[in-house]
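Below you'll find the structure, written out as structure tokens, and then a few comments.
The values are calculated or read from the model by the stated rules, or taken from the named source; none is laboratory data. Note that the structure is predicted; figures quoted are calculated from it, not measured. Reconstructed Cβ throughout: ideal geometry from the backbone, glycine too, with neighbour counts over all protein chains shown. When the accessible area is computed, the model is the full protein with side chains, heavy atoms only, and any ligands, DNA or RNA have been set aside. Shrake-Rupley method; radii C 1.70, N 1.55, O 1.52, S 1.80 Å.
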Amino acid sequence: MALFDKPAHVLHDMLAKKEISATELTKDVLGRIDAVEGDVQAYITRTPDEALAQAKAVDEKLAKGESVSFLEGIPGAIKDNICTKGVRTTCASKILDNFVPPYDATVMTKVNEQHPVLLGKTNLDEFAMGGSTENSAFHPTHNPWNLDCVPGGSSGGSAAAVAAGTAIWALGSDTGGSIRQPASFCGVVGLKPTYGRVSRYGLVAYGSSLDQIGPLTRDVTDAAHILNIISGHDDMDSTSSAAEVPDFTQALRQDVKGLKIGLPKEYFTEGMDPDVEKAVRAAIEQFRAMGAEIVDISLPHTKYAISAYYIIAPAEAATNLERYDGVSYGERVDGEDLVQMMTNTRTELFGEEVKRRIMIGNYALSAGYYDAYYLKALKVRTLVQKDYFDAFENVDVIMAPTAPTPAYEIGAMAGDPLQMYLQDVCTVPLNLAGLPGLSVPCGKSSKGMPIGLQIIGKPLDEATILRAAYTYEQSQSYHMEMPELGGKH
């Protein structure tokens with residue numbers, strides 16, 4: 001019996017009833033990694049020995065008749081920009097090639113309290129800058145549904161691992177769509193919580209006012225459980241929310257009767273793939289059939305969101321990446337003096353996309369341009385946020401495509417950064433506004449590639465988007481499908 005294709009909540013029940021052991025489950029997933037990882041390449045660092053030791057400890061606990069927490073003994077993977085004590089954390093960059101953090105990110109402390117089995121660190125676009133996981137310094141990750149295609153990004157390794165069955169669950173981070181877009185491309189569930197809902201302490205910073213950690217899972221139930229685990233205030237993160245954390249699993253009920261769903265005309269734009277529009281509109285009709293009310297809305301400043309984001313995010317990135325100077329930690333390339341050493345280090349060890357964003361950011365923050373670009377972008381951000389808040393006076397959630405296209409072929413956009421940036425048109429506005437968003441599978445393209453429906457909620461109202469997603473998911477079977485890889489599935 002294969003176990004790697006089951007969601008965490010099913011495996012948790014099987015462990016609790018002693019139908020399987022944690023070691024048996026871990027060996028099954030490690031076997032899956034051996035079979036397909038050579039094709040998918042979702043991981044940067046793998047920790048099989050540690051994983052088996054963690055599984056053995058859980059089995060010893062079970063043998064004593066002790067109860068197990070939700071993630072206990074369940075194999076998962078962590079995006080490689082989240083600090084893991086004693087395990088290499090590279091951000092898919094040569095500059096951090098051998099960096100081993102001396103501490104855990106807050107999310108890791110919370111996750112480790114559950115005693116999961118950790119399989120390793122997943123691939124990403126370098127420093128989370130990209131939407132395809134082609135910008136990794138190590139190797140591109142391949143989409144399990146079609147190995148010639150990208151898995152999305154920047155959390156492409158996490159999404160691909162869950163889709164391929166080489167992890168049961170994973171953590172990613174989302175700065176402009178980096179959880180939701182790969183979830184859409186890989187046919188899994190991806191949840192970006194409200195900004196501040198989950199601590200950023202120990203997440204290697206890209207855009208500090210935009211970054212948020214969240215789960216990538218097989219289904220909505222797993223996403224709710226993991227959100228319960230990682231949410232909450234953290235004194236180590238001054239931007240973390242002090243709001244009380246509800247039990248998100250209470251939202252897992254099939255009920256959208258009377259739910260008001262806003263459909264923003266700006267998200268159904270020209271250039272959107274017809275397969276995407278068709279699948280998303282079919283999902284909306286399914287909500288209508290289940291008793292939800294569909295309301296046409298407008299978010300007029302959406303067209304400016306991408307421009308504002310690609311000034312604000314690089315500006316924050318330029319500031320955050322100043323610390324990689326070859327002095328205090330990370331790799332170093334020597335030079336004849338300090339300035340030359342720093343120049344050599346950054347020139348040789350940062351990838352092209354990272355350099356591009358650092359230069360854009362420094363330009364936008366430079367004297368004479370600060371007011372014209374950065375300050376104006378912040379004002380646009382406020383307008384984008386106001387659009388949402390005005391809309392939420394009349395609707396409970398907003399629905400739209402997660403991405404304008406299904407996954408595209410590796411290399412197809414590599415030479416056109418602008419085209420790549422436009423892939424974020426549906427996801428970026430949420431990060432500017434700090435809102436929660438979830439991508440749930442809603443169909444397949446004519447070429448058999450997954451398509452995601454994005455459900456957007458009010459601040460700190462993850463519960464409503466989880467309820468809507470769960471109700472929809474239970475009426476479909478997309479979350480039960482797995483790609484054919486390695487001759488299995």
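Here are the numbers:
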{"read-out": "Among (1) in contact with a helix residue (DSSP H, G or I) (Cβ under 7 Å, 6 or more places away or on another chain); (2) over 24 Å from residue 297 (Cα atoms); (3) modelled with pLDDT of 95 or more, the one test that residue 457 misses", "value": "(2)"}
{"read-out": "Residue match in the stretch 312-328 (condition: open to solvent by 10 Å² or more (accessible area, probe 1.4 Å), on the phi > 0 side of the Ramachandran plot and touching a residue at least 40 places away in the same chain (Cβ under 8 Å))", "value": "no"}
{"read-out": "Qualifying residue in the stretch 225-243 (condition: touching a residue at least 24 places away in the same chain (Cβ under 8 Å), among the charged types (D, E, K, R) and in a helix (DSSP H, G or I))", "value": "no"}
{"read-out": "Residue within the stretch 276-291 that is farther than 20 Å from residue 436 by Cα, touching a Pro at 6+ places or on another chain (Cβ under 9 Å) and not β-branched (Val, Ile, Thr) present", "value": "yes"}
{"read-out": "Selection within the stretch 439-472 - open to solvent by 10 Å² or more (accessible area, probe 1.4 Å), among the hydroxyl-bearing types (Ser, Thr, Tyr) and within 22 Å of residue 387 (Cα to Cα)", "value": "464"}
{"read-out": "Subset of the stretch 32-53 (residues that are within 20 Å of residue 115 (Cα to Cα) and either open to solvent by less than 60 Å² (accessible area, probe 1.4 Å) or aliphatic (A, V, I, L, M) (or both))", "value": "45, 47, 48, 51, 52, 53"}
{"read-out": "Lone qualifier among 109, 122 - being open to solvent by less than 10 Å² (accessible area, probe 1.4 Å) and β-branched (Val, Ile, Thr)", "value": "122"}
{"read-out": "Residue in the stretch 175-188 that is open to solvent by 10 Å² or more (accessible area, probe 1.4 Å) and farther than 22 Å from residue 479 by Cβ present", "value": "no"}
{"read-out": "Residue match in the stretch 132-152 (condition: of a type outside the set (Asp, Glu), open to solvent by less than 10 Å² (accessible area, probe 1.4 Å) and within 20 Å of residue 311 (Cβ to Cβ))", "value": "no"}
{"read-out": "Any chance residue 354 is assigned to a loop (DSSP other than H, G, I, E, B), touching a residue at least 12 places away in the same chain (Cβ under 8 Å) and open to solvent by less than 20 Å² (accessible area, probe 1.4 Å)", "value": "no"}
{"read-out": "Residue check, residue 10 surrounded by fewer than 18 Cβ atoms within 10 Å (Cβ to Cβ) and in a helix (DSSP H, G or I)", "value": "yes"}
{"read-out": "Residue within the stretch 449-456 that is touching a residue at least 60 places away in the same chain (Cβ under 8 Å), aliphatic (A, V, I, L, M), in a loop (DSSP other than H, G, I, E, B) and farther than 18 Å from residue 260 by Cα present", "value": "yes"}
{"read-out": "Test for residue 269: is it surrounded by fewer than 22 Cβ atoms within 10 Å (Cβ to Cβ) and modelled with pLDDT under 95", "value": "yes"}
{"read-out": "Condition met for residue 401 (crowded, with 24+ Cβ neighbours inside 10 Å, closer than 30 Å to residue 4 by Cβ and touching a strand residue (DSSP E or B) at 6+ places or on another chain (Cβ under 6 Å))", "value": "no"}
{"read-out": "Residue within the stretch 41-55 that is over 30 Å from residue 349 (Cα atoms) and of a type in the set (Val, Ile, Thr) present", "value": "no"}
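Residue-wise test of (1) in a helix (DSSP H, G or I); (2) farther than 17 Å from residue 184 by Cβ; (3) free of Cβ contacts under 8 Å to residues at least 24 places away in the same chain; (4) among the β-branched types (Val, Ile, Thr).
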{"residue": "269", "(1), (2), (3), (4)": "no, no, no, yes"}
{"residue": "275", "(1), (2), (3), (4)": "yes, no, no, no"}
{"residue": "280", "(1), (2), (3), (4)": "yes, no, no, yes"}
{"residue": "284", "(1), (2), (3), (4)": "yes, no, no, yes"}
{"residue": "291", "(1), (2), (3), (4)": "no, yes, no, no"}
{"residue": "295", "(1), (2), (3), (4)": "no, yes, no, yes"}
{"residue": "303", "(1), (2), (3), (4)": "yes, yes, no, no"}
{"residue": "306", "(1), (2), (3), (4)": "yes, yes, no, yes"}
